[in-house]
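Written out below as structure tokens is the structure these notes cover.
The values are calculated or read from the model by the stated rules, or taken from the named source; none is laboratory data. Just so you know, these numbers come straight off a predicted model, no measurement behind them. A quick note on method: Cβ atoms are made from the backbone with ideal geometry, for glycine too, and the neighbour counts reach across all protein chains shown.
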Amino acid sequence: MEYYNYIKSLHLIFVITWFAGLFYIPRLFIYQIEASEKPEPDRSILTTQLKLMAKRLWFIITWPSAILATIFAIILLLMMPAWLQQGWMHVKLFFVLLLFAYHIKTHLIFNQLQNDVVKWTSSKMRIWNEGSTLILFSVIFLVIVRSAINWIFGVIGIFVLAIMLMLGIRLYKRIRSKNPNA
């Protein structure tokens, strides 16, 4: 147990860098999608640079962080196996699986864009960009509160947050349509 706080610290550091990557990569995707609609030579210059930035972010920061956060999480669970008997941990692990699903889907989008296959609009990608935010909010509230009853209020709050994010995206889209440089 003397190493518990070191392992926990490393887990949190890599969770933070993992989320940093998941927050930023969809923004790069949005810029790349929008660049694909520009005339040449802007399109080629921008997409080449954005692909490089996305590749470095994805393979140097995001994937390694996901792997290391998972390794340290497994070590923590081995050190504290009683957590696996607690309801809040079951719900947290569900959200971790959801996070991995989000990560894998983001990887598929990454591969498409690296091959110049644009299947998403920038508006849909802006909505996708909020997925990791909702998962992060869910996990943080769950870990801090650690109560199924209080967690229900947290879920309601997350849905309210999601609605507010969607309304914010729509408002931004409306403002941007009136002023393309916003």
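A few remarks follow.
- Scanning region 106-131 for residues that are over 25 Å from SER44 (Cβ atoms) and touching a Phe, Trp or Tyr at 6+ places or on another chain (Cβ under 6 Å) yields one hit, GLY131.
One line per residue, one yes/no per condition, for (1) surrounded by 16 or more Cβ atoms within 10 Å (Cβ to Cβ); (2) in a loop (DSSP other than H, G, I, E, B); (3) of a type in the set (Gly, Ala, Ser):
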residue	(1), (2), (3)
PHE72	yes, no, no
ASN111	no, no, no
ILE135	yes, no, no
SER138	yes, no, yes
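- Sub-6 Å Cβ pairs linking a first residue in region 85-96 that is farther than 14 Å from PHE137 by Cα to a second residue that is of a type outside the set (A, V, I, L, M, F, W, C), at least 6 apart or interchain, are TRP88/ARG146, ordered by first then second residue.
- The residues of region 17-43 that are in contact with a helix residue (DSSP H, G or I) (Cβ under 9 Å, 6 or more places away or on another chain) and free of Cβ contacts under 8 Å to residues at least 24 places away in the same chain, listed by number, are TYR31, ALA35, GLU37, LYS38, ASP42, ARG43.
- Residue selection: PHE94 satisfies the criterion of being surrounded by fewer than 17 Cβ atoms within 10 Å (Cβ to Cβ), under 24 Å from SER65 (Cβ atoms) and modelled with pLDDT of 90 or more.
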